[in-house]
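Here the structure is laid out as structure tokens; the discussion comes afterwards.
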Amino acid sequence: MSPNDNPVHELHPEECWEFLRGHEFGRLGFHLADEVHIVPINYAVDDNRLLFLTAEGSKLLGVTMNSDVAFEVDEIVDEHATSVLVRGRGRQLVGSAAWVADRLPLRPWVDTPKYIVVEITADEITGRRFDLHRPWLHARVDSADSA
């Protein structure tokens, strides 16, 4: 197999940030006491950091107790999948530092009050794009075909 035939393509960090800028929904991994939690969040990118809104609860408590976090966004389009992972530090922004959220397209997706701004700064960002080979998809019986 030549290098051009490799189905796994490493993304440059700037490609990873561009991918994140083009999306708004991902998964946050954080520590809470002796457990690891993974929760879905909507987010916005500001320069090379991620911001999200939250309320008092497990996400905020987890980030406050242990700032070590991971964040991932995935996408599958046709025969290609992309995955970007950020490992970094989360912290609550307070005072004038939190106002940055007002200029970003960052609003709660559900009708619940979320006024606390959390920032994730990246220690490491990695990404991969995969050329998928899924022959079993051709063997699936579509429910519209069976009707």
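Annotations for the structure displayed:
- Scanning the stretch 40-57 for residues that are loosely packed, with under 14 Cβ neighbours inside 10 Å and either more than 18 Å from Glu14 (Cβ to Cβ) or touching a His at 6+ places or on another chain (Cβ under 8 Å) (or both) returns Pro40, Ala55, Glu56, Gly57.
- Search result, residues across the stretch 58-84 that are aliphatic (A, V, I, L, M) and either in a helix (DSSP H, G or I) or open to solvent by 40 Å² or more (accessible area, probe 1.4 Å) (or both): Leu60, Leu61, Val63, Met65, Ile76, Val77
- Against the numbered list (1) assigned to a strand (DSSP E or B); (2) at pLDDT 95 or above; (3) open to solvent by less than 50 Å² (accessible area, probe 1.4 Å); (4) of a type outside the set (Asp, Glu), Trp17 comes up short only at (1).
- Residue that is nearest to Tyr115 (Cα to Cα), among those in the stretch 20-39 that are open to solvent by less than 80 Å² (accessible area, probe 1.4 Å), part of a strand (DSSP E or B) and free of Cβ contacts under 8 Å to residues at least 40 places away in the same chain: Val39
The values are calculated or read from the model by the stated rules, or taken from the named source; none is laboratory data. Everything numeric in this text was worked out from a predicted model, so none of it was measured. Heads up, the Cβs are rebuilt from the backbone with ideal geometry, glycines too, and the neighbour counts pull from every protein chain shown. SASA here: full protein model, heavy atoms, side chains in, ligands and nucleic acids out. Shrake-Rupley method; radii C 1.70, N 1.55, O 1.52, S 1.80 Å.
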